[in-house]
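The structure under discussion appears below in the form of structure tokens.
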Amino acid sequence: MNYPVTIQLKKQFLLWFQEMYTIDHYEYDWFFEELIEDEQALFHLYFVDDIEYCPKGVIVDVVDRDQMTFRFFKDHVTTTDVYTAYHELQLYRHDSFYMKVNFYDDQRPTLYDKVIENELSYDCNIKETSDVLLQYLLKEGKNKFIKDEIDIALEQRNVERFKQLTNWLQMKNN
């Protein structure tokens with residue numbers, strides 16, 4: 001694995017991929033052609049083995065030499081529409097975009113191994129885990145703050161403030 005992988009090496013792999021695998025659907029061939037020609041898109045394209053935690057990307061399954069499947073996903077939405085993937089690349093040109101290619105019979109070429117950047121998929125996992133942890137800590141911090149405010153309202157015998165805060169706390173935790 002070369003980290004980071006050069007745009008030239010990514011192009012080389014994509015050109016090889018197009019040459020090696022006959023693509024029955026015009027859309028697939030068009031998508032790869034557009035990707036090869038767009039150096040900015042290639043700069044933000046990362047090939048990974050583990051795509052599960054990546055925010056958006058493409059999974060290509062090579063069923064055999066003449067057939068493949070194409071899935072684009074963003075967050076929890078998945079589609080086989082190639083044009084959606086292309087438009088996502090064009091609209092969000094500065095966002096990272098991930099790709100995983102599953103070769104038939106696990107016969108992965110060495111050129112594909114050269115473009116893999118697995119550390120980036122782990123970065124996605126760390127980001128997702130960090131986001132979940134941050135949301136949890138924010139919620140707990142807000143709850144503690146409200147509970148402290150409830151204690152102050154009780155000490156001051158401020159019934160109106162006490163009711164307001166306890167209602168708000170109940171709504172937030174339901």
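The values are calculated or read from the model by the stated rules, or taken from the named source; none is laboratory data. For clarity, every value in this text was computed on a predicted model and none was experimentally measured. Cβ placement follows ideal geometry from the backbone for every residue including glycine, while neighbour counts extend to all protein chains displayed. Ligands, DNA and RNA are stripped out before the accessible areas are found, and what is left, the full protein with its side chains, is counted by its heavy atoms. Shrake-Rupley method; radii C 1.70, N 1.55, O 1.52, S 1.80 Å.
Per-residue surface analysis assigns residue 142 an accessible area of about 110 Å², computed on protein heavy atoms at 1.4 Å probe radius.
Taking all Cα pairs closer than 8 Å and separated by 6 or more residues, the relative contact order of the chain comes to 25 percent. Here P(r) over Cα pairs in 10 Å bins from 0, in percent was computed from the coordinates, and among (1) 9, 31, 25, 15, 15, 5, 0; (2) 8, 27, 28, 21, 11, 4, 0; (3) 9, 30, 24, 10, 10, 10, 6, 1 the match is (3).
How much net charge surrounds residue 173 when only the other residues with a Cβ under 12 Å from the Cβ of residue 173 are counted, with Lys and Arg +1 and Asp and Glu -1? Taking every other residue near residue 173 into account, the sum is +3.
If you place +1 on the Cβ of every Lys and Arg and -1 on the Cβ of every Asp and Glu, how big does the dipole about the Cα centre of the chain come out, in debye to the nearest 20?
Details: 19 positive and 33 negative charges, 243 e Å.
That gives a dipole near 1160 debye.
Taking every DSSP bridge with both residues inside the chain, close to 55 percent are antiparallel.
Rounded to the nearest 10 square angstrom, residue 30 shows an accessible area of 50 square angstrom against a 1.4 Å probe. Close amide H partners of residue 98, meaning residues 5 or more places away or on another chain with modelled amide H under 5 Å apart, are 46, 56, 57, 58. The range 23-75 and the range 138-174 have Cα centres spaced 50 Å apart.
Using θ = phi - 60° in the Karplus curve 6.51 cos²θ - 1.76 cosθ + 1.60, the 3J(HN,Hα) couplings for the range 32-37 round to 5, 4, 4, 5, 4, 7 Hz; x is entered for Gly and Pro. Across the options 87, 68, 168, the greatest Cα extent toward the positive end of the charge dipole of the chain (unit charges at beta carbon of Lys, Arg, Asp, Glu) belongs to 168. For the range 1-83, the list of trypsin sites (Lys or Arg not before Pro) that fall in a loop by DSSP and count at most 10 other C-beta atoms within 10 angstrom reads 65. Solvent exposure of the chain, expressed per residue, is 63 Å² of accessible area, with all protein chains present and a 1.4 angstrom probe. With the whole protein complex present, residue 26 retains an accessible surface near 150 Å², based on a 1.4 Å probe.
Taking the chain as the reference, fit the longest principal axis to its C-alpha atoms, fit the long axis of helix 82-91 to the helix C-alpha atoms, and give the angle between the two in degrees, 0 to 90, nearest 10. Around 60 degrees separate the two axes. Protein heavy-atom surface of the chain, 1.4 angstrom probe: 51% of the accessible area is carbon and sulfur, with nucleic acids and ligands not counted. For the residues 118, 143, 158, a GNM of the chain with alpha-carbon springs under 10 Å puts the largest fluctuation on 158.
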